[in-house]
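Scroll down for the structure; my scribbles are underneath it.
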Amino acid sequence: MASGFGIKGGPSRCFAFWQDFRKCYLTADEPSECSLQKEDYLECLHHTKELERAHMIQRRMIEVQHEESKRARETVRQDQSQGLRLGLIDPNAESPAEPEAPKA
């Protein structure tokens, strides 16, 4: 889209950023004064920061899933070492007293 025209004939998605950068560059005494406008324009073209952030989020999600699966495996190992339990009876609870036989 170097021509400045978008795919449907209108201005390209980054044309406004290009105009801002160009205007700054033409009026600035030093080209370094327009570094923010240049950065915005290049980000619009290439999406480098957006992609970097998406990859960072994806890596973090994978780390969290790995930690959760590791905790789940440890829980299963502990349960297997104590024997198979269905969770219907609390092993730490005291056994209830047996009901007394009715007196005749």
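The values are calculated or read from the model by the stated rules, or taken from the named source; none is laboratory data. Given the structure is predicted, the values throughout are model-derived calculations rather than measurements. Neighbour counts run over all protein chains shown; Cβ positions are idealised from the backbone, glycine included. For accessibility, only protein heavy atoms count, side chains too; no ligands or nucleic acids. Shrake-Rupley method; radii C 1.70, N 1.55, O 1.52, S 1.80 Å.
Among (1) of a type outside the set (S, T, N, Q); (2) surrounded by fewer than 14 Cβ atoms within 10 Å (Cβ to Cβ); (3) part of a helix (DSSP H, G or I), there is one condition Cys24 misses while meeting the rest; what is its number? Here Cys24 clears every test but (2).
Of the residues making up region 8-21, those that are in a helix (DSSP H, G or I) and open to solvent by less than 90 Å² (accessible area, probe 1.4 Å) are Phe15, Ala16, Phe17, Asp20, Phe21.
Scanning region 31-83 for residues being within 30 Å of Arg13 (Cα to Cα), assigned to a helix (DSSP H, G or I) and either open to solvent by less than 90 Å² (accessible area, probe 1.4 Å) or of a type in the set (A, V, I, L, M, F, W, C) (or both) gives a total of 18.
Just one of the listed residues (Asp79, Asp20, Asp29, Asp90) is modelled with pLDDT of 95 or more and charged (D, E, K, R), and it is Asp20.
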